[in-house]
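I have placed the structure first, in the form of structure tokens, so that the comments after it can refer back to it.
The values are calculated or read from the model by the stated rules, or taken from the named source; none is laboratory data. Keep in mind that what you see is a predicted model, and the values were worked out from it rather than measured. Please note: Cβ atoms are built from the backbone with ideal geometry, for glycine as well, and neighbour counts cover all protein chains shown.
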């Protein structure tokens, strides 16, 4: 490995530590000197490095991250007051949170919470429109000139999707804490994540004799809230307690506890739709709330992947708590 490549890996590792520290301490005072110390840089250099790395200053990142997490809590947990959400993400008062929230999202925190079902329905509707367009393009490419249109097929597709919404088999399980090594992808979710797994993460697994070990995928951000180019995703693999992280990866612990788990089979283009259905349809009817632990995909040792079709299977896991 060249010195420049190694330096890049070290900087990546240090910056990931800062982002992880921020997520764990959003309710604390996170000033520049403290974050520079986490990254092992001087405050002067860290200020410039962070802005160059993330495309926004530390102050802008903290404000956005606090508001994004607050928006997610408002949507997922209907039982907690807005003031409690504000304090949990580092705002000193409900008024300061409301002002910043309206600047970021164009509405009050209460209005955002009330609009959650409609917002999730629109996300799912947009996903269906994309899928219908894909079917239409496929049908037009295969259909002979004298054949009927694909309207009936599209109706069947939409009908099946409607029927499947409330038929997700969800189990409540208690999982232990798991130590994982991870590589982070920053950017829009979707096909690029498949490329990241194939071209970056899987070769690292092979080089470190970790093939065939259970893996996880953690989506830290909601793409309906966070700008797409800022969304963070961690590709993770279980590692033993004595595992020593090299410069290419960070090590963390997936928290244990109670999770709602459902099986998914599909492609990278449809897994987002499954997450929306789980949050929009199952969670509100469950009597449970999502808590602040990360949601993740679980890929067991025998997880399947078909490179010809892109179809794979995994478990979708949502951390839950009683209301």
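Tell me which residues, restricted to region 284-302, are modelled with pLDDT of 90 or more and either crowded, with 17+ Cβ neighbours inside 10 Å or within 16 Å of residue 255 (Cβ to Cβ) (or both). Across region 284-302, the qualifying residues are 295, 296, 297, 298, 299. Give the residue that is farthest from residue 54 (Cα to Cα), with candidates limited to residues of region 183-192 that are at pLDDT 90 or above and surrounded by 16 or more Cβ atoms within 10 Å (Cβ to Cβ). For region 183-192, the residue satisfying everything is 183. When the criteria are applied in full, residue 319 fails the requirement of being in a loop (DSSP other than H, G, I, E, B), closer than 18 Å to residue 236 by Cα and at pLDDT 85 or above.
Scanning region 244-264 for residues that are more than 23 Å from residue 16 (Cβ to Cβ) and in contact with a helix residue (DSSP H, G or I) (Cβ under 9 Å, 6 or more places away or on another chain) turns up 260, 262, 264.
The number of residues in region 95-116 that are over 16 Å from residue 63 (Cβ atoms) and touching a helix residue (DSSP H, G or I) at 6+ places or on another chain (Cβ under 7 Å) comes to 5.
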